[in-house]
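Here is the structure we will look at.
Every read-out reported here was derived from the displayed coordinates using simple, explicitly stated rules and does not represent laboratory data. Just so we're clear, the structure is a prediction, and the values are computed from it rather than from any experiment. Ideal geometry is used to build each Cβ from the backbone, glycine not excepted, and the neighbour counts take in all protein chains shown.
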Amino acid sequence: MTEPVLLFQQSRLVMLTLDLEQRFTSLNPAAAHLFRRSAEELLGQPFATVLDPFSQAKGQLMFERTLAEGGVADWELDHLQPDAPPVLIGYTTALLQRESGALLGVSAVGRDLTRTLDLTARLVETNQQLEGALLQLERVHTTLKATQTQLVQSEKMRALGQLVAGVAHEINTPIAFIGNNLAHLAGLEPKLRRLFDAYAPLKRLADTAQRAAIADAEAAAELEYLWDDLHDLVVESQQGVERISDLVQSLRNLVRLDEAEMKEANINEGLASTVRIVRSLNKEQVEIIEQYAELPPIVCRPSELNQVFLNLLTNAVQAVTGEGQVRVSSACQDDTITVTVRDTGVGMAVEMLPRLGEPFFTTKPAGVGSGLGLAVSFGIIERHHGRLDFTSTPGAGTTATVTLPVQQ
Ligand SMILES: Nc1ncnc2c1ncn2[C@@H]1O[C@H](COP(=O)(O)OP(=O)(O)O)[C@@H](O)[C@H]1O
Ligand SMILES: [Mg+2]
C-alpha cells in the first residue's frame, strides 16, 4: 500500500486528520507548507492554532457538522499567515473511523482558494471594465444614432433644397418674360385706347347695317367696362407676377442660392432704406418711428440683413390694425449690435413663438402671407452668428430683437 502514502505526501491539496479533540494527528507537506509550520510542530496542536481568529468559530462548526452529518464540502476557512495576508482554504471533510466503526476523528482535504479568489477578483474587475466599456459603447451608439438621424434629416433638407432651388430656377425664367410681356401690354393699352378713340367718330359715317353691326359688337364686348377691365386685369396680373417673383426670391434665399457678398456696412443705413421701402408700400399709413444709435460698421451680407429688416417691418406693419405704431431702433453695447422692431399690433400667443421659424407657418390669408419671411430671417441671422428673438403680448404688440456680433 505505498500509493496512498505517495498521494498523501505529494498531493498539492491540503490533507490533514484531527482527533476528537480537534488536534492534528497528521498533515501532509502541502498543508505544512501552507500553514508555514513543520508537521512536527503542529502534530498534537489544536487545529484552531492555524486558523485566523475570525475563522475559529467556523472551524469549530465544521468539526461539529462533520461529526453530526458525516462530512461537509467546500467549507471555507481563513488561515493565519505570519507576515502575509490570510490564506483561504476550502475544505471537504469526512469522518475517520476504525473498521469496527469506532470514531477516530475527522479527515479534511482542502484546496487553496487564494488563486481562485484572485481570479474571481480579476474577473470582477474585468467584468466591471466590460460593463464600463458596454456603457460607453451604448453611449457611442446613441450618439451615432442621433448623428445618423441628423444626417438623414440634413440629407432630406439638402434634397428638398435642391428641389426648391430647381423649381425656383425654372419658375424664374417664365415669370420674367410674363412680367416683361405684361409691362409691354400695360404700355399698349393706352395706345390702343387712343387708336380706338380716333376711330370712334367714323361710326357716324357708317350705313345703317354697319352701325347695327358695330352696336352689336360693342354690346357683346361690354364696351362700357372694356377699357377699365383691361386696365385692371393687367395691373392685377402684374401684382400677381410680382408676388410670385417675391416668393421665388424668398425660396431662393431659403435654400441659400445666392451667396451675397460679405462686406463692411453700417446697419443703420440698411435699416433706414428698408423703412423707406416699407413706408412707400404701407397703404394704411402706420406710423414708423426710427431711433438709431451710433453703430460701428460690421462685416456682413448687407442685402441679406436688409431682407431680415424688411420681413420684420412688414410683419410689424401687418400686425397693426387701425391706430398703431412701429418703432425701429438700433443700439450697440460692448461687442453686440441690437436692432429692435416693436409694434403695437395684435401680438401673438406664447405657443406661437416657437413656430415662427417654421417654413410656411403663417396665420395670414393665402396671398398675403407665405410663411417664409421669418424662416428666411432666422437662417440669415444664424449665418451671421447672431440671434433673433421675439416677445409678444396678445392684443398689445410684439417686439422682435436681432442681436449681431460686431466681429464675425
Ligand atoms: N410682429 C408680429 N405680430 C404678430 N404676429 C406676427 C408678427 N410677426 C410674425 N407674426 C406671425 O408669424 C407668422 C409668420 O410670419 P412670417 O414668417 O413673416 O410669414 P408671413 O408674414 O408670410 O405669414 C405670421 O403669419 C404671423 O402670424
Ligand atoms: Mg411676413
>> In Å and on Cα atoms, what radius of gyration and Dmax does the range 147-254 show?
In response: 24.2, 86
> Which of 386, 367, 101 moves most in a GNM of the chain, Cα contacts under 10 Å?
Replying inline: 101
> In nm, to one decimal, how far is the modelled label at residue 149 from the one at residue 36, with both set 7 Å along Cα→Cβ?
Replying inline: 6.1
>> Of the candidates 130, 271, 51, which one comes out as most mobile in a Gaussian network treatment of the chain with C-alpha springs shorter than 10 Å?
In response: 51
> Label points 7 Å out from Cα along the Cβ direction at residue 331 and residue 68: separation in nm?
Replying inline: 8.7
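Which of rounded, prolate or oblate describes the range 2-112 when judged by the alpha-carbon gyration tensor and an a/c cut-off of 1.5? If you can, show how the numbers build up before the last one.
Numbers: a/c = 1.62, a/b = 1.19, b/c = 1.37.
Oblate, since a/c reaches 1.5 and b/c is not below a/b.
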> Counting only pairs 8 or more places apart or on different chains, how many lysine pairs in the chain have C-alpha atoms closer than 30 Å?
Replying inline: 5
>> Apply the Karplus curve 6.51 cos²θ - 1.76 cosθ + 1.60, θ = phi - 60°, to the phi angles in the range 61-78 and return the couplings in whole Hz, x for Gly and Pro.
In response: 5, 4, 4, 5, 4, 4, 4, 6, 10, x, x, 10, 10, 6, 8, 8, 10, 8
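Just to confirm a number: summing +1 for Lys and Arg and -1 for Asp and Glu over residues other than residue 384 whose beta-carbon lies under 10 angstrom from that of residue 384, what do you get? All intermediate terms of the calculation are to be shown ahead of the outcome.
Details: positive: 301, 383, 387; negative: 304, 382.
Neighbourhood net charge equals +1.
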> Stretch residue 171-residue 198 to full length: gain in nm at 0.36 nm per residue minus the Cα-Cα span?
Replying inline: 5.7 nm
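Please give the length that would be gained between residue 294 and residue 368 if that part of the chain were fully extended, namely 0.36 nm times their separation in residues minus their C-alpha to C-alpha distance (nm, one decimal). Provide the component values of the computation, followed by the final result.
Numbers: separation 74, 0.36 × 74 = 26.64 nm, distance 3.51 nm.
Net length gain for the segment: 23.1 nm.
Where does the chain land on Rg/Rh, using Cα atoms and the Kirkwood Rh?
On the way: Rg = 49.1 Å, Rh = 31.4 Å.
Dividing the radius of gyration by the Kirkwood radius yields 1.56.
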> Taking a ≥ b ≥ c as the square roots of the eigenvalues of the Cα gyration tensor of the range 263-405, is the shape rounded (a/c under 1.5), prolate (a/b larger than b/c) or oblate?
Replying inline: prolate
>> How far apart, in nanometres, would the label points at residue 123 and residue 183 be if each is projected 7 angstrom from Cα along the Cα-to-Cβ direction?
In response: 8.7
> Computed FRET efficiency, Cβ-Cβ of residue 408 and residue 225, R0 56 Å: what is it to the nearest 0.05?
Replying inline: 0.45
>> Can you tell me which of 327, 383, 193 moves the most in a GNM of the chain? Springs connect C-alpha atoms under 10 Å apart.
In response: 193
> So what is the calculated 222 nm ellipticity per residue for the chain, using -39500 (n - 2.57) for each DSSP H run with n of 4 or more, over all residues, to the nearest 500 deg cm²/dmol?
Replying inline: -17500 deg cm²/dmol
> Working out 0.36 nm times the residue gap between residue 206 and residue 137, then minus their Cα-Cα distance, what length gain in nm do you get to one decimal?
Replying inline: 15.1 nm
